[in-house]
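Worksheet: the structure to be examined is printed underneath.
The values are calculated or read from the model by the stated rules, or taken from the named source; none is laboratory data. Remember, predicted model here, so these are calculated numbers, not experimental data. Because the Cβ atoms are built from the backbone with ideal geometry, glycine has one as well, and the counts that use them run over all protein chains shown.
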Amino acid sequence: METIFTPWQSLAGGALIGLAATLLMLSLGRIFGATGILSGLVSLGPAQDRVWRLALLLGMVSGPLAVLLVTGQMPTVQVPVSALMLVIGGLAVGVGVTYGSGCTSGHGVCGIARQSPRSFIAVLTFMIATAATVYILRHVIGV
Amino acid sequence: MRLLSTYLIGLIFGVGISISGMANPAKVLNFFDFAGTWDPSLAFVMGGAVVVTFIGYRLVLTRNRPVFDEGFALPTNRKIDLPLIGGSALFGVGWGIAGFCPGGSLPALGTGRWEVLLFVAAMVAGIWLAKFLQSVGGAATAKS
(Lines give C-alpha, C1' and ligand atoms only; values in the text may rest on other atoms or scores of the structure.)
Protein backbone atom coordinates (compact mmCIF):
# COMPACT_ATOMS: atom_id res chain seq x y z
CA MET A 1 0.00 0.00 0.00
CA GLU A 2 1.57 3.32 -1.12
CA THR A 3 1.52 6.32 1.22
CA ILE A 4 2.26 9.96 0.39
CA PHE A 5 5.51 11.54 1.58
CA THR A 6 4.52 14.27 4.09
CA PRO A 7 7.74 15.94 5.29
CA TRP A 8 6.20 19.16 6.68
CA GLN A 9 3.25 17.54 8.39
CA SER A 10 5.49 14.87 9.90
CA LEU A 11 8.03 17.49 11.03
CA ALA A 12 5.27 19.55 12.67
CA GLY A 13 3.83 16.42 14.34
CA GLY A 14 7.31 15.50 15.57
CA ALA A 15 7.81 19.01 16.98
CA LEU A 16 4.54 18.69 18.91
CA ILE A 17 5.68 15.32 20.29
CA GLY A 18 8.89 17.02 21.41
CA LEU A 19 6.92 19.87 22.96
CA ALA A 20 4.79 17.38 24.92
CA ALA A 21 7.95 15.56 26.12
CA THR A 22 9.45 18.89 27.25
CA LEU A 23 6.28 20.00 29.04
CA LEU A 24 5.94 16.68 30.89
CA MET A 25 9.51 17.07 32.15
CA LEU A 26 8.76 20.66 33.16
CA SER A 27 5.51 19.86 34.98
CA LEU A 28 5.98 16.38 36.49
CA GLY A 29 9.70 15.77 35.95
CA ARG A 30 8.96 12.61 33.99
CA ILE A 31 10.14 11.01 30.76
CA PHE A 32 7.36 10.84 28.15
CA GLY A 33 7.44 7.12 27.40
CA ALA A 34 4.26 5.44 26.16
CA THR A 35 5.54 2.13 27.57
CA GLY A 36 6.00 3.47 31.10
CA ILE A 37 2.72 5.37 31.03
CA LEU A 38 0.72 2.35 29.87
CA SER A 39 2.41 -0.29 32.02
CA GLY A 40 2.10 1.89 35.10
CA LEU A 41 -1.58 2.23 34.34
CA VAL A 42 -2.34 -1.47 33.83
CA SER A 43 -0.20 -2.72 36.73
CA LEU A 44 -1.13 -2.73 40.39
CA GLY A 45 1.02 0.18 41.49
CA PRO A 46 0.12 2.97 43.93
CA ALA A 47 -3.17 4.63 42.97
CA GLN A 48 -1.85 8.21 42.98
CA ASP A 49 0.65 7.27 40.27
CA ARG A 50 -2.21 6.00 38.13
CA VAL A 51 -4.09 9.31 38.18
CA TRP A 52 -1.60 11.40 36.18
CA ARG A 53 -1.02 8.50 33.80
CA LEU A 54 -4.76 8.25 33.19
CA ALA A 55 -5.01 12.02 32.58
CA LEU A 56 -2.13 11.77 30.10
CA LEU A 57 -3.71 8.79 28.33
CA LEU A 58 -7.07 10.54 28.07
CA GLY A 59 -5.28 13.52 26.52
CA MET A 60 -3.51 11.25 24.03
CA VAL A 61 -6.76 9.55 23.03
CA SER A 62 -8.37 12.99 22.54
CA GLY A 63 -5.69 13.86 19.96
CA PRO A 64 -7.46 12.41 16.89
CA LEU A 65 -10.75 13.98 18.03
CA ALA A 66 -9.10 17.41 18.29
CA VAL A 67 -7.77 16.93 14.76
CA LEU A 68 -11.29 15.97 13.62
CA LEU A 69 -12.72 19.08 15.28
CA VAL A 70 -10.23 21.45 13.64
CA THR A 71 -9.87 19.90 10.17
CA GLY A 72 -13.19 18.07 9.84
CA GLN A 73 -11.31 14.83 9.19
CA MET A 74 -10.16 11.94 11.37
CA PRO A 75 -6.42 11.23 11.04
CA THR A 76 -5.76 8.50 8.48
CA VAL A 77 -5.35 5.00 9.90
CA GLN A 78 -4.67 2.39 7.21
CA VAL A 79 -4.06 -1.11 8.52
CA PRO A 80 -2.46 -3.25 5.81
CA VAL A 81 -2.14 -6.33 8.05
CA SER A 82 -4.50 -9.08 9.25
CA ALA A 83 -6.16 -9.31 12.68
CA LEU A 84 -3.86 -12.24 13.51
CA MET A 85 -0.80 -10.11 12.76
CA LEU A 86 -2.17 -7.33 14.98
CA VAL A 87 -2.48 -9.80 17.86
CA ILE A 88 0.95 -11.41 17.35
CA GLY A 89 2.54 -8.00 16.80
CA GLY A 90 0.79 -6.54 19.85
CA LEU A 91 1.96 -9.40 22.09
CA ALA A 92 5.54 -9.08 20.82
CA VAL A 93 5.49 -5.31 21.32
CA GLY A 94 4.10 -5.65 24.86
CA VAL A 95 6.67 -8.24 25.94
CA GLY A 96 9.52 -6.49 24.09
CA VAL A 97 9.00 -2.98 25.48
CA THR A 98 8.65 -4.35 29.03
CA TYR A 99 11.99 -6.16 28.89
CA GLY A 100 13.58 -3.36 26.86
CA SER A 101 12.22 -0.70 29.28
CA GLY A 102 10.95 1.56 26.54
CA CYS A 103 9.86 2.17 23.00
CA THR A 104 9.90 4.79 20.27
CA SER A 105 8.89 7.63 22.61
CA GLY A 106 10.82 6.78 25.79
CA HIS A 107 14.07 5.55 24.17
CA GLY A 108 13.62 7.01 20.69
CA VAL A 109 12.72 10.60 21.56
CA CYS A 110 13.48 11.24 25.24
CA GLY A 111 16.45 8.87 25.57
CA ILE A 112 18.18 10.09 22.41
CA ALA A 113 17.55 13.71 23.49
CA ARG A 114 19.24 12.88 26.83
CA GLN A 115 22.11 11.19 24.90
CA SER A 116 21.58 8.00 26.89
CA PRO A 117 23.84 5.16 25.63
CA ARG A 118 21.17 2.62 26.69
CA SER A 119 18.61 4.35 24.52
CA PHE A 120 20.98 4.60 21.52
CA ILE A 121 21.50 0.83 21.69
CA ALA A 122 17.76 0.17 22.15
CA VAL A 123 16.80 2.38 19.18
CA LEU A 124 19.47 0.91 16.92
CA THR A 125 18.34 -2.61 17.87
CA PHE A 126 14.62 -2.10 17.30
CA MET A 127 15.10 -0.10 14.09
CA ILE A 128 17.19 -2.93 12.60
CA ALA A 129 14.73 -5.57 13.87
CA THR A 130 11.73 -3.68 12.46
CA ALA A 131 13.35 -3.16 9.04
CA ALA A 132 14.42 -6.82 8.91
CA THR A 133 10.91 -7.98 9.87
CA VAL A 134 9.26 -5.79 7.23
CA TYR A 135 11.74 -7.00 4.60
CA ILE A 136 11.18 -10.67 5.44
CA LEU A 137 7.37 -10.35 5.63
CA ARG A 138 6.98 -8.31 2.44
CA HIS A 139 9.80 -9.51 0.19
CA VAL A 140 10.67 -13.04 1.33
CA ILE A 141 7.35 -14.46 2.58
CA GLY A 142 5.22 -12.02 0.57
CA VAL A 143 2.47 -11.19 3.09
CA MET B 1 -4.34 22.32 37.73
CA ARG B 2 -1.81 19.51 37.76
CA LEU B 3 -4.25 17.05 36.16
CA LEU B 4 -5.57 19.56 33.63
CA SER B 5 -2.06 20.41 32.45
CA THR B 6 -1.19 16.69 32.30
CA TYR B 7 -4.30 16.10 30.16
CA LEU B 8 -3.31 18.97 27.85
CA ILE B 9 0.24 17.59 27.51
CA GLY B 10 -1.29 14.24 26.50
CA LEU B 11 -3.48 16.09 24.01
CA ILE B 12 -0.46 17.87 22.43
CA PHE B 13 1.25 14.47 22.12
CA GLY B 14 -1.91 12.91 20.65
CA VAL B 15 -2.31 15.67 18.07
CA GLY B 16 1.40 15.41 17.21
CA ILE B 17 1.14 11.64 16.71
CA SER B 18 -2.05 12.07 14.67
CA ILE B 19 -0.69 14.59 12.17
CA SER B 20 2.79 13.05 12.02
CA GLY B 21 1.61 9.73 10.57
CA MET B 22 2.82 7.58 13.50
CA ALA B 23 -0.77 6.46 14.13
CA ASN B 24 -0.97 5.10 10.59
CA PRO B 25 0.52 1.58 10.30
CA ALA B 26 0.67 1.78 6.48
CA LYS B 27 2.93 4.82 6.75
CA VAL B 28 5.04 3.34 9.56
CA LEU B 29 5.61 0.07 7.70
CA ASN B 30 6.48 1.94 4.50
CA PHE B 31 9.20 3.85 6.35
CA PHE B 32 10.94 0.51 6.90
CA ASP B 33 10.22 -0.84 3.43
CA PHE B 34 13.33 0.47 1.63
CA ALA B 35 13.04 -2.29 -0.96
CA GLY B 36 9.39 -1.51 -1.75
CA THR B 37 7.00 1.41 -1.21
CA TRP B 38 9.44 3.53 0.86
CA ASP B 39 8.03 6.65 2.57
CA PRO B 40 10.73 8.60 4.46
CA SER B 41 8.23 10.77 6.42
CA LEU B 42 8.94 9.14 9.79
CA ALA B 43 12.53 10.37 9.76
CA PHE B 44 11.04 13.87 9.93
CA VAL B 45 8.87 12.90 12.91
CA MET B 46 11.87 11.56 14.82
CA GLY B 47 14.05 14.47 13.74
CA GLY B 48 11.52 17.11 14.80
CA ALA B 49 10.74 15.37 18.10
CA VAL B 50 14.38 14.78 19.09
CA VAL B 51 15.54 18.34 18.26
CA VAL B 52 12.69 19.98 20.21
CA THR B 53 13.13 17.60 23.18
CA PHE B 54 16.92 18.06 23.16
CA ILE B 55 16.56 21.86 23.42
CA GLY B 56 13.55 21.64 25.76
CA TYR B 57 15.25 19.28 28.24
CA ARG B 58 18.32 21.53 28.39
CA LEU B 59 16.14 24.47 29.34
CA VAL B 60 13.93 22.55 31.79
CA LEU B 61 16.71 20.64 33.55
CA THR B 62 18.39 23.89 34.65
CA ARG B 63 15.54 24.13 37.20
CA ASN B 64 15.89 22.66 40.67
CA ARG B 65 12.62 20.79 40.43
CA PRO B 66 9.60 20.37 38.16
CA VAL B 67 6.55 22.59 38.65
CA PHE B 68 4.25 19.98 40.21
CA ASP B 69 6.69 17.55 41.86
CA GLU B 70 9.54 17.39 44.34
CA GLY B 71 12.22 16.31 41.90
CA PHE B 72 13.04 15.03 38.41
CA ALA B 73 12.52 11.28 37.96
CA LEU B 74 15.26 10.49 35.44
CA PRO B 75 16.25 6.91 34.54
CA THR B 76 19.37 5.86 36.45
CA ASN B 77 19.93 2.39 34.94
CA ARG B 78 22.98 2.58 32.66
CA LYS B 79 23.45 -1.15 32.06
CA ILE B 80 23.50 -2.36 28.47
CA ASP B 81 22.34 -5.94 29.00
CA LEU B 82 20.45 -8.80 27.40
CA PRO B 83 16.92 -7.69 28.48
CA LEU B 84 17.54 -4.28 26.86
CA ILE B 85 18.79 -5.71 23.57
CA GLY B 86 16.54 -8.80 23.44
CA GLY B 87 13.48 -6.80 24.48
CA SER B 88 14.19 -4.06 21.96
CA ALA B 89 14.70 -6.65 19.20
CA LEU B 90 11.39 -8.32 20.06
CA PHE B 91 9.67 -4.94 20.11
CA GLY B 92 11.10 -4.27 16.63
CA VAL B 93 9.77 -7.59 15.34
CA GLY B 94 6.29 -6.79 16.73
CA TRP B 95 6.39 -3.26 15.32
CA GLY B 96 7.35 -4.69 11.92
CA ILE B 97 4.49 -7.21 12.04
CA ALA B 98 1.68 -4.88 13.22
CA GLY B 99 2.89 -1.39 12.25
CA PHE B 100 1.85 0.12 15.60
CA CYS B 101 4.23 1.15 18.37
CA PRO B 102 2.92 2.00 21.88
CA GLY B 103 3.11 5.78 21.37
CA GLY B 104 1.43 5.51 17.98
CA SER B 105 -1.33 3.16 19.04
CA LEU B 106 -2.54 4.88 22.24
CA PRO B 107 -3.62 8.15 20.54
CA ALA B 108 -4.97 6.09 17.62
CA LEU B 109 -7.50 4.57 20.08
CA GLY B 110 -9.34 7.89 19.70
CA THR B 111 -10.21 7.08 16.09
CA GLY B 112 -12.44 4.28 17.44
CA ARG B 113 -11.05 1.74 14.98
CA TRP B 114 -11.36 -1.90 16.10
CA GLU B 115 -7.92 -2.74 14.72
CA VAL B 116 -6.30 -0.31 17.19
CA LEU B 117 -8.28 -1.74 20.09
CA LEU B 118 -7.25 -5.28 19.14
CA PHE B 119 -3.59 -4.29 18.93
CA VAL B 120 -3.65 -2.41 22.26
CA ALA B 121 -5.43 -5.33 24.00
CA ALA B 122 -2.75 -7.74 22.74
CA MET B 123 -0.02 -5.27 23.79
CA VAL B 124 -1.44 -5.02 27.33
CA ALA B 125 -1.58 -8.84 27.46
CA GLY B 126 2.08 -8.85 26.40
CA ILE B 127 2.98 -6.38 29.17
CA TRP B 128 1.22 -8.57 31.76
CA LEU B 129 2.93 -11.70 30.40
CA ALA B 130 6.36 -10.06 30.59
CA LYS B 131 5.74 -8.73 34.13
CA PHE B 132 4.66 -12.23 35.19
CA LEU B 133 7.75 -13.83 33.60
CA GLN B 134 9.97 -11.19 35.21
CA SER B 135 8.47 -11.85 38.66
CA VAL B 136 8.86 -15.62 38.26
CA GLY B 137 12.42 -15.18 36.93
CA GLY B 138 13.22 -12.71 39.72
CA ALA B 139 11.92 -15.17 42.35
CA ALA B 140 13.93 -18.03 40.82
CA THR B 141 17.11 -15.94 40.80
CA ALA B 142 16.51 -14.88 44.40
CA LYS B 143 16.08 -18.54 45.47
CA SER B 144 19.23 -19.83 43.72
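Here is a check on your reading of the model: is A:GLY102 of a type outside the set (A, V, I, L, M), in contact (Cβ under 8 Å) with a residue 12 or more places away in the chain and not in a helix (DSSP H, G or I)? So that I can check it myself, show each step before the final result.
Working: of a type outside the set (A, V, I, L, M): yes; in contact (Cβ under 8 Å) with a residue 12 or more places away in the chain: yes; not in a helix (DSSP H, G or I): yes.
Yes: the conditions hold for A:GLY102.
No other residue among B:LEU117, B:LEU129 is under 24 Å from A:LEU137 (Cβ atoms), more than 7 Å from chain A (Cβ to nearest Cβ) and surrounded by fewer than 22 Cβ atoms within 10 Å (Cβ to Cβ) apart from B:LEU117.
Considering B:SER88, B:SER20, B:SER41, which residue is within 25 Å of A:LEU28 (Cβ to Cβ) and either basic (Lys, Arg) or at pLDDT 95 or above (or both)? Please lay out each step first, then the result.
On the way: B:SER88 fails: within 25 Å of A:LEU28 (Cβ to Cβ); B:SER41 fails: within 25 Å of A:LEU28 (Cβ to Cβ).
Going through B:SER88, B:SER20, B:SER41 in turn, just one is within 25 Å of A:LEU28 (Cβ to Cβ) and either basic (Lys, Arg) or at pLDDT 95 or above (or both): B:SER20.
One residue alone among A:PHE5, A:PHE32 is part of a loop (DSSP other than H, G, I, E, B), under 15 Å from the mean Cα position of the chain (by Cα) and within 28 Å of B:GLY56 (Cα to Cα), and that residue is A:PHE32. For region A:52-86, name all the residues that are part of a helix (DSSP H, G or I), under 20 Å from the mean Cα position of the chain (by Cα) and β-branched (Val, Ile, Thr). Those that are part of a helix (DSSP H, G or I), under 20 Å from the mean Cα position of the chain (by Cα) and β-branched (Val, Ile, Thr): A:VAL61, A:VAL67. Confirm whether B:SER88 is in contact (Cβ under 8 Å) with a residue 24 or more places away in the chain, in contact with a Phe, Trp or Tyr (Cβ under 9 Å, 6 or more places away or on another chain) and polar (S, T, N, Q). No: the conditions fail for B:SER88. I'm trying to understand the selection: among the residues of region B:105-114, which are buried (at least 24 other Cβ atoms within 10 Å of the Cβ) and at the interface with another protein chain (Cβ under 7 Å from one of its Cβ atoms)? Across region B:105-114, the qualifying residues are B:LEU106, B:PRO107, B:ALA108, B:GLY110. In region A:9-31, the count of residues that are more than 7 Å from every other protein chain (Cβ to nearest Cβ) and not basic (Lys, Arg) is zero.
Each row is one residue, and each column tells you yes or no for (1) surrounded by fewer than 18 Cβ atoms within 10 Å (Cβ to Cβ); (2) among the β-branched types (Val, Ile, Thr); (3) not in a helix (DSSP H, G or I).
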site	(1), (2), (3)
B:VAL45	no, yes, no
B:GLY48	no, no, no
B:THR53	no, yes, no
B:ARG58	yes, no, no
B:ARG63	yes, no, yes
B:VAL67	yes, yes, yes
B:PRO75	no, no, yes
B:ARG78	yes, no, yes
B:PRO83	yes, no, no
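Being in contact with a Ser or Thr (Cβ under 6 Å, 6 or more places away or on another chain) and under 14 Å from B:CYS101 (Cβ atoms) is the requirement here; does A:GLY63 meet it? No; evaluated as a whole, the condition is false for this residue. For region A:33-50, the candidate set comprises residues that are more than 7 Å from chain B (Cβ to nearest Cβ) and of a type in the set (A, V, I, L, M, F, W, C); within that set, the residue that is farthest from B:TRP95 (Cα to Cα) is A:ALA47. If you filter region B:52-64 down to residues that are touching a Gly at 6+ places or on another chain (Cβ under 9 Å) and facing chain A (nearest Cβ under 7 Å), you find that the one that is farthest from B:SER20 (Cα to Cα) is B:VAL60.
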